[in-house]
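**Student:** Shown below is the structure under consideration.
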C-alpha cells in the first residue's frame, strides 16, 4: 500500500475574479460582483496517488490546477504542500524550490512548445533555470532520461528536432518530458490527452501511470471525461461550479455514484454497448454563470431530483461510504 | 436505431473517389479510392484519426474542397445524377439546398457582428429567394426547431454558450431543407452533457425531417448512439464498413479492433486499454501494401506488398488480407 501522508492539501480554497464595472458604476459606487471560479474547495492528494478532477467547462477545474502550480493567486483558503503553507509564498527562491517539486502538463502541446527551440532546449530549460545541473554532461544525461521516460526512444534522435518536426503524440511527450526533467513529486496534468487521437491516448496514459509506479509520483489529472478518469485514477473528485459535489474511489464514483450530477455526467457519456442508468432523466439546460450562483445547492436548478430544501440550504459534504462523500441532501437518508 | 431502407437507387453513391492536395512538387493523396452509398434517412459515421481522410471525403461530397485540392479519380452521384464536385460554380445549386454542413468550431463559422436570426435568414434569401420578412419568419421557425426560444434570436454569437451556438449552426444547415447533413465533429468542442443534448437533437431532427447524416468523428463512442452504420478510415482508405451493432460486437479489421480496445469502457470492468503501437501514417510516404501494416499486430508478408481489396464480408465490407473477400463483385481499392 502507498504512503498515506498527503503531499498536497487544499483547504477551503477560493478563487474569485472581480468583475470590472464600467466607469459609470464606479463613479456611483455601485458594488461590482465577482466570478466565483473556485468557491470553497477541499481536496488532498496523497504521495504517489492519482486523483482525477472531473468537471464541465466553467466548473473551475483548470483554475484549481493553476492555483496549485502558483500561476494564479487564490483569494481565500490555503494551499499546503508537504505540510508547508504555500498560499502566499511569492518570493522567487521559495517558488523555485516549489517548482522543483510541482510541475504542470498543459493541454495544448502545439501552444506549450516554443516553435524556435529544439526538443533538447525545451526539456533542458527547467533544469537550467532551476539550476539543477552543474555541467553539460549532466544536463544531457538528465534530458535523455526524461525523454526516455516519456517514451521518446532513442532520446538522442529527438535532441535536434523542432516541434513542427514531431507528430501530435510526440509533442505531448516532449511536454511531459519537460515536466519530468526536474523529477517532481507532483504533476498537475490539465486535459493532457484530449487533443490527441484515440490511438495515441493510451500510450500517453501509460507513460503517466508508469511514472507513478516507478517514481511514486503523485498526479492530479484534470479532465472532463469520466471513463478516462476511472481508467487512470485512484480517486475521482467531481467539481460543479467551483465546488466539489462528490469525491470517492474511482470505482465508487463510476459504479455507485451518489450525487445526481455525477449520475447525469455518467449518463451523458456515450458508451459502447453500455445502457443508460434508469431513473434519472437527462439534464436540461446549461451550467449557470459563476458570477450569479444559484441559492441553496448550486446544482438545484438543473437537478431532476431537487426538492424544497435544496433551493434554500446548501448541502455539506456528507459521508456516504468509506472515503466517499457526496454534497447532496438525498445522501442524508 | 433500426431503420429499414427500401432497396432502390441510393441517395448518394460514391465510387472510387480519390482526392489529391497540391504540394510543392508531389501531390499528396488524401483519399484513395473511397466508395460507399448513403440511403435516404440513413446515418453513416466516418471514423478515423487525423489525416485519415474523413474530412476530405465529406468536403468532397459537399463540394467544399479547398482550391489546392484536385479530384484525381472516381465520381459522386446524387439521386442518380453525377455531381460536378470539382467545379465550384456548378456545385452552387447543390450546396446548402441538398447537402449542408455543420462545422466544428461554431465560433469561427458564425459572423460575430450579425444577430443570429439575420445569419439564419441569409441563406433563405439567397437560396430560396424569400423576402427579408419571410426569411426572418423562417429563421425563427428554425430556431424553435433546434430548441432555441424565439426571443433569443436577437442575440449575437458571443452571447450564446457553445451548445447554443452549435444549435444555431444546425438551424443554418437546415435552412434550405437539405436531404443530407454533414456533421464535421459537431460535438468535439462540447462538454459531455451538451454533447448528449446535441446528439439527441440530431437524432430527433433526422426522424422528423427524414434527413441523411454523415457524421465525421474520431470518437467511436459517439457513434454508438447516433448512427446506423460506421465506416472506419485509415490513411485515406476505407478499411471497414458495417452496421454499428456489427462493428462493435464483431470488428474484423485489426485497426478497428485496436480502436475499440483503446476506448476506456467501465462497463467491461477492465482497467486497461491497449495502446495502438506506433504513430499515425505519413501520407507523403504512405506505407506500401496495407497502410496499417507497420502498426498491425497480425501482419503477414502479403500485407507489405499488396493493398487489400475492400470486399464484402457478412453484411459489411472489410479490407484486410486476414479476411479475403467472399465474392468478386466489389470495387477494388487501388490507386
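**Student:** Could you list, in sequence order, the residues of the range A:192-210 that are within 22 Å of residue B:187 (Cα to Cα) and more than 8 Å from chain B (Cβ to nearest Cβ)?
**Tutor:** A:192, A:193, A:194, A:195, A:196
**Student:** Counting only residues that are assigned to a helix (DSSP H, G or I) and over 14 Å from the mean Cα position of the chain (by Cα), which one in the range A:211-229 is farthest from the other protein chains (Cβ to nearest Cβ)?
**Tutor:** A:215
**Student:** Same structure again: Among the residues of the range B:286-321, how many are farther than 18 Å from residue B:48 by Cβ, touching a strand residue (DSSP E or B) at 6+ places or on another chain (Cβ under 7 Å) and buried (at least 19 other Cβ atoms within 10 Å of the Cβ)?
**Tutor:** Going through the range B:286-321 one residue at a time, the tally reaches 1.
**Student:** Would you mind telling me which numbered condition in (1) in contact with a strand residue (DSSP E or B) (Cβ under 7 Å, 6 or more places away or on another chain); (2) on the phi > 0 side of the Ramachandran plot; (3) modelled with pLDDT under 90 residue B:283 fails?
**Tutor:** If we test residue B:283 against (1) in contact with a strand residue (DSSP E or B) (Cβ under 7 Å, 6 or more places away or on another chain); (2) on the phi > 0 side of the Ramachandran plot; (3) modelled with pLDDT under 90, just (2) comes out false.
**Student:** How many residues are under 19 Å from the mean Cα position of the chain (by Cα), more than 9 Å from chain A (Cβ to nearest Cβ) and over 24 Å from residue B:29 (Cβ atoms) when one looks only at the range B:247-268?
**Tutor:** Residues in the range B:247-268 being under 19 Å from the mean Cα position of the chain (by Cα), more than 9 Å from chain A (Cβ to nearest Cβ) and over 24 Å from residue B:29 (Cβ atoms): 1 in total.
**Student:** Quick check on this structure: which one of B:235, B:288 is over 20 Å from the mean Cα position of the chain (by Cα) and closer than 30 Å to residue A:165 by Cα?
**Tutor:** After applying the criteria, what remains is B:288.
**Student:** Before we move on, is residue A:179 closer than 30 Å to residue B:220 by Cβ and either part of a strand (DSSP E or B) or more than 14 Å from chain B (Cβ to nearest Cβ) (or both)?
**Tutor:** It is true that residue A:179 is closer than 30 Å to residue B:220 by Cβ and either part of a strand (DSSP E or B) or more than 14 Å from chain B (Cβ to nearest Cβ) (or both).
**Student:** Okay, moving on. Could you tell me which of the residues A:139, A:113, A:152, A:196 is surrounded by 21 or more Cβ atoms within 10 Å (Cβ to Cβ) and either touching a strand residue (DSSP E or B) at 6+ places or on another chain (Cβ under 8 Å) or modelled with pLDDT of 90 or more (or both)?
**Tutor:** A:113
**Student:** Given the residues A:282, A:291, A:237, which is the only one that is in contact (Cβ under 8 Å) with a residue 24 or more places away in the chain and part of a loop (DSSP other than H, G, I, E, B)?
**Tutor:** That would be A:291, the only listed residue that is in contact (Cβ under 8 Å) with a residue 24 or more places away in the chain and part of a loop (DSSP other than H, G, I, E, B).
**Student:** Scan (1) modelled with pLDDT under 95; (2) under 19 Å from the mean Cα position of the chain (by Cα) for the single condition residue B:158 breaks and write down its number.
**Tutor:** Among (1) modelled with pLDDT under 95; (2) under 19 Å from the mean Cα position of the chain (by Cα), residue B:158 violates only (2).
**Student:** Among the candidates B:62, B:45, B:30, which residue alone is surrounded by 14 or more Cβ atoms within 10 Å (Cβ to Cβ), within 30 Å of residue B:153 (Cβ to Cβ) and in contact (Cβ under 8 Å) with a residue 60 or more places away in the chain?
**Tutor:** Of the residues listed, the single one that is surrounded by 14 or more Cβ atoms within 10 Å (Cβ to Cβ), within 30 Å of residue B:153 (Cβ to Cβ) and in contact (Cβ under 8 Å) with a residue 60 or more places away in the chain is B:62.
**Student:** Restricting the search to the range B:197-222, which residues are away from chain A (no Cβ under 12 Å) and part of a loop (DSSP other than H, G, I, E, B)?
**Tutor:** B:210, B:211
**Student:** Hey, among the residues in the range B:223-242 that are within 21 Å of residue A:269 (Cα to Cα) and either away from chain A (no Cβ under 12 Å) or without any contact (Cβ under 8 Å) to a residue 40 or more places away in the chain (or both), which one's surrounded by the fewest Cβ atoms within 10 Å (Cβ to Cβ)?
**Tutor:** Across the range B:223-242, the extreme among qualifying residues is B:225.
**Student:** Right, here's the next one. Run residue B:95 past the list (1) under 26 Å from the mean Cα position of the chain (by Cα); (2) over 30 Å from residue B:17 (Cβ atoms); (3) away from every other protein chain (no Cβ under 14 Å) and report the number of the one that doesn't hold.
**Tutor:** (2)
The values are calculated or read from the model by the stated rules, or taken from the named source; none is laboratory data. What you are looking at is a predicted structure, and each value in this text was computed from that prediction instead of being measured. Quick reminder, even Gly has a Cβ in these numbers, built from the backbone with ideal geometry, and neighbours come from all protein chains shown.
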